Amino acid sequence: MKVLEGKVWITGQGLTNACVGINDDGYIGAVKKILKGDVHTTTTDIILPAATDMHVHFRDPGNPEKEVWASGSAAAACGGVTAVIDMPNTIPPTNSPSHFEEKNNRASSNSVVDFGLGFYAYPGISKESWFKNMSPAFWKLYPYKFNWPEYQSTVNEIIANSPRPIVIHGEHPDYISYESLSSLSDHTENRSKAEKLCLEGMPNSSSLHVAHLSSQEGLDVLPSQASSEVCPHHLLLNLSCKVGIECKVDPPLRERNDNYALYDALRNGKIDILASDHAPHLMSEKSSAKPPSGIPGVETMIPLMLNEVAEDRLSLERLVSAMSEKPAERLGIQRGKLIPGNPADIITVDLKNKTKISLENLHSKANWTPFENWDAIFPSRVIRRGQLIATDGVLQEKKGGTSIFPPTL
Ligand code: NCD
Ligand code: ZN
């Protein structure tokens, strides 16, 4: 057994002097005041559960110029994220058992972090012969190809027929305008009512998870039983920031007041989950006449938010809950807490070790970030199932990630 000793985050107790015992299989064997192991490491850094990011786009298969499992998972690892859920809008989309299995194989061979896959939902999907045998991390519904009645009925269809969550991109298809844009605010304007009108029309169900909440208006009509997530860019960026058209993202950036409302909701737990919506596109595309939407963020999410904790704008308790405990709980997986039986997925952090985010140290093939030069605190160690995979933003392992929801077919 390996032992890591220091101030350990114990749910319900907070930081506590303790030892985490890690078995040879990479799972936590014990958490006790005193433990003896073959290898004993004592640290002055705080010891926290690593993060699960339930919203990334690793573009693999389909767009290797933007991201692949190797680069996306390296970015995750260096940012303190040891498990990701990949979204199904790849090429081809993850919308059939064979596409699901193919992506699962790619990830198994190339990801350094553990992973699950979201499955592309569409009207009538529950009637497919394989539907009941599929066990994706969740079903994901986009508003793009369907009209509103189809959108609503697909949500209800999945709630009625599957135990897995339905994650929605909560923008009403009839209120997304595709007018051309000359500035970032045009994009916001083109979608100004889409979030509110979509969320108002959603069923109040605990099967529902609302991705990337972006506005006060959307927050106000969030169904009370649904879970939800917020992304760093919707907490920290708005139209008054000095950002350009490259920060076109769906749902869009809004006003400072929206940042405040979302941040308060994260602080009080109304929004329970932090996710990156890591959506890498190349700067050449972003600066074109028709820029695609999306901001990369899996590597900067936890470092930015640890800095928020260091600056006393967010409590450590809320951060650990939103980055580790709640995503695991929502997905129904044994993770996110440092307790016996869970994978030893751990980050160690020195909250005084502030650095500046610098693109040259990041791993995404997107190769840009809106957070260049922002203060951040990178974990000193990132441990995935007992194995050290990153130190201070530097990758230490390249592979070894495994599927959290293996295909059952
Ligand atoms: C996503 C992407 O690039 O895949 N972009 C984004 O702005 N969030 C797709 C999407 O969620 O609409
Ligand atoms: Zn997304």
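Out of the residues in the range 106-135 that are modelled with pLDDT of 95 or more and of a type in the set (S, T, N, Q), which is farthest from Glu299 (Cα to Cα)?
The residue in question is Ser129.
Could you list, in sequence order, all residues of the range 18-68 that are touching a Phe, Trp or Tyr at 6+ places or on another chain (Cβ under 6 Å) and of a type in the set (Asp, Glu)?
Hits for the range 18-68 are Asp60, Glu67.
Identify, please: which residue in the range 201-230 is outside any loop (DSSP other than H, G, I, E, B) and either polar (S, T, N, Q) or open to solvent by 30 Å² or more (accessible area, probe 1.4 Å) (or both) and is, among those, farthest from ligand 1 (Cβ to nearest atom)?
So, considering only residues that are outside any loop (DSSP other than H, G, I, E, B) and either polar (S, T, N, Q) or open to solvent by 30 Å² or more (accessible area, probe 1.4 Å) (or both), the one farthest from ligand 1 (Cβ to nearest atom) is Asp220.
Does at least one position in the range 356-363 carry a residue that is aliphatic (A, V, I, L, M), at pLDDT 95 or above and closer than 18 Å to Leu274 by Cβ? Before you say what the answer is, go through the steps one by one.
Quick first cut of the range 356-363, residues aliphatic (A, V, I, L, M) only: 357, 359, 362.
With at pLDDT 95 or above added as a condition, the list becomes 357, 359, 362.
Imposing the further condition that a residue be closer than 18 Å to Leu274 by Cβ reduces the set to 357.
Within the range 356-363, one or more residues are aliphatic (A, V, I, L, M), at pLDDT 95 or above and closer than 18 Å to Leu274 by Cβ.
Residues being in a strand (DSSP E or B) and within 16 Å of ligand 2 (Cβ to nearest atom): count how many of those fall in the range 41-87. So that I can check it myself, show each step before the final result.
Going residue by residue through the range 41-87, those that are in a strand (DSSP E or B) are 41-49, 51-56, 81-86.
Narrowing the set further to residues that are within 16 Å of ligand 2 (Cβ to nearest atom) leaves 52-56, 81, 84-86.
Total satisfying the criteria: 9.
Determine whether the range 390-404 contains at least one residue that is closer than 15 Å to Thr82 by Cα, among the charged types (D, E, K, R), buried (at least 19 other Cβ atoms within 10 Å of the Cβ) and touching a residue at least 40 places away in the same chain (Cβ under 8 Å).
There is no residue in the range 390-404 that is closer than 15 Å to Thr82 by Cα, among the charged types (D, E, K, R), buried (at least 19 other Cβ atoms within 10 Å of the Cβ) and touching a residue at least 40 places away in the same chain (Cβ under 8 Å).
Tell me which residues, restricted to the range 136-157, are among the acidic types (Asp, Glu) and closer than 19 Å to Lys196 by Cα.
Glu150
Among the candidates Ile158, Ile166, single out the residue that is touching a His at 6+ places or on another chain (Cβ under 8 Å), more than 14 Å from ligand 1 (Cβ to nearest atom) and over 22 Å from Gln216 (Cα atoms). Steps first, please.
Values: Ile158 fails: touching a His at 6+ places or on another chain (Cβ under 8 Å).
Being touching a His at 6+ places or on another chain (Cβ under 8 Å), more than 14 Å from ligand 1 (Cβ to nearest atom) and over 22 Å from Gln216 (Cα atoms) holds for just one of Ile158, Ile166, which is Ile166.
Yes/no per residue for (1) touching a Cys at 6+ places or on another chain (Cβ under 8 Å); (2) part of a loop (DSSP other than H, G, I, E, B); (3) open to solvent by 50 Å² or more (accessible area, probe 1.4 Å):
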{"site": "Ala107", "(1), (2), (3)": "no, no, no"}
{"site": "Phe115", "(1), (2), (3)": "no, no, no"}
{"site": "Gly118", "(1), (2), (3)": "no, no, no"}
{"site": "Ser135", "(1), (2), (3)": "no, yes, no"}
{"site": "Lys140", "(1), (2), (3)": "no, no, no"}
{"site": "Pro143", "(1), (2), (3)": "yes, yes, no"}
{"site": "Pro149", "(1), (2), (3)": "no, no, yes"}
{"site": "Glu157", "(1), (2), (3)": "no, no, no"}
{"site": "Ala160", "(1), (2), (3)": "no, no, yes"}
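Anything in the range 326-352 that is outside any loop (DSSP other than H, G, I, E, B) and either more than 27 Å from Pro280 (Cβ to Cβ) or among the hydrophobic types (A, V, I, L, M, F, W, C) (or both)? List them, or say none.
Ala328, Glu329, Leu331, Ile346, Ile347, Thr348, Val349, listed by residue number.
Check Ser293, Ser315 and return the single one that is open to solvent by 10 Å² or more (accessible area, probe 1.4 Å), more than 30 Å from Pro64 (Cβ to Cβ) and either within 10 Å of ligand 1 (Cβ to nearest atom) or more than 17 Å from the chain's Cα centre (by Cα) (or both).
That would be Ser315, the only listed residue that is open to solvent by 10 Å² or more (accessible area, probe 1.4 Å), more than 30 Å from Pro64 (Cβ to Cβ) and either within 10 Å of ligand 1 (Cβ to nearest atom) or more than 17 Å from the chain's Cα centre (by Cα) (or both).
Restricting the search to the range 340-361, which residues are aliphatic (A, V, I, L, M) and either surrounded by 15 or more Cβ atoms within 10 Å (Cβ to Cβ) or under 16 Å from the mean Cα position of the chain (by Cα) (or both)?
Ala344, Ile346, Ile347, Val349, Ile357
The values are calculated or read from the model by the stated rules, or taken from the named source; none is laboratory data. Keep in mind the model is a prediction, meaning the values are calculated, not measured. With ideal geometry, Cβ positions are generated from the backbone for all residues, glycine too; neighbour counts draw on all protein chains shown. Surface accessibility is based on the protein's heavy atoms, side chains included, excluding ligands, DNA and RNA. Shrake-Rupley method; radii C 1.70, N 1.55, O 1.52, S 1.80 Å.
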